[in-house]
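For reference, the structure is listed below as structure tokens.
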Amino acid sequence: MVWLTIVFVILMAVSPLFLMRNTPQQNRLEKIRSLARSHGIEITLHRRPDAREGENRLEAVCYKLPWRSSQSKKNWVLHRISNRGWESDLTGWRWFAGDEVKLSGTNIELVLDTMPDTVSAVMLDSQGVGLIWNEVEGEEMVFLILEKLQSLRSFFEKKSPNT
């Protein structure tokens, strides 16, 4: 009986360790994020791109490519996840923050037209250009995200310093 009690106590002490293992989903996200970081992309939790004042839950993931120069950029958000904000000149996209910039007829229109459906917003701020991505696809999507971020960054760095 004593041995049974000892085994039971040991199992109770060790069993929480098994619950601390990563799930397959957590392992998949870690691989995706590690690959992105290895290519210079910063990953942060972020508010929804169309969040109102007071909505502070961090429920979106932002993949951001930093600016190559330290010039200050304006903040703006272009999203396609709700009807909040105002119409942009690009079909399916709405402005939520910042000054409206004419994007139709530019290279950015081509970039946004070919943006994966799982990317819900483009964000510009003083740190860089970012995409809100829901991370449903696998590691192969990181290269497409990187390509889109590089195109956006090049476009806005060539534009005025206060884009």
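Read-outs: derived from the displayed coordinates by stated rules, not from any lab. Just so it is clear, the structure is predicted and the values come from calculations on it, not from any experiment. FYI the Cβ positions are ideal-geometry reconstructions off the backbone, even for glycines, and counts take in every protein chain you see.
Sorted by mean Cβ packing within 10 Å, highest first, what order do the peptides 150-159, 15-24 take?
Descending packing order for the listed peptides: 150-159, 15-24.
Check the straight Cα-Cα distances from Lys73 and name the lysines below 19 Å, setting aside those fewer than 8 residues away within the same chain.
Counting by Cα, and skipping residues close in sequence, Lys73 has these lysines nearby: Lys64, Lys102, Lys148, Lys158, Lys159.
If I take R0 = 41 Å and measure r between the Cβ atoms of Ser154 and Met20 in this structure, what FRET efficiency does the formula 1/(1 + (r/R0)^6) give, to the nearest 0.05?
My answer for the efficiency is 0.45.
Just grab the label-to-label distance for Asn107 and Ser70, each label 7 Å out from Cα along the Cβ direction, in nm (one decimal).
The modelled label-to-label distance comes out at 2.6 nm.
How do the peptides 137-146, 49-58 rank, highest first, by the average count of neighbouring beta carbon atoms within 10 Å per residue?
By packing density, highest mean first, the sequence is 137-146, 49-58.
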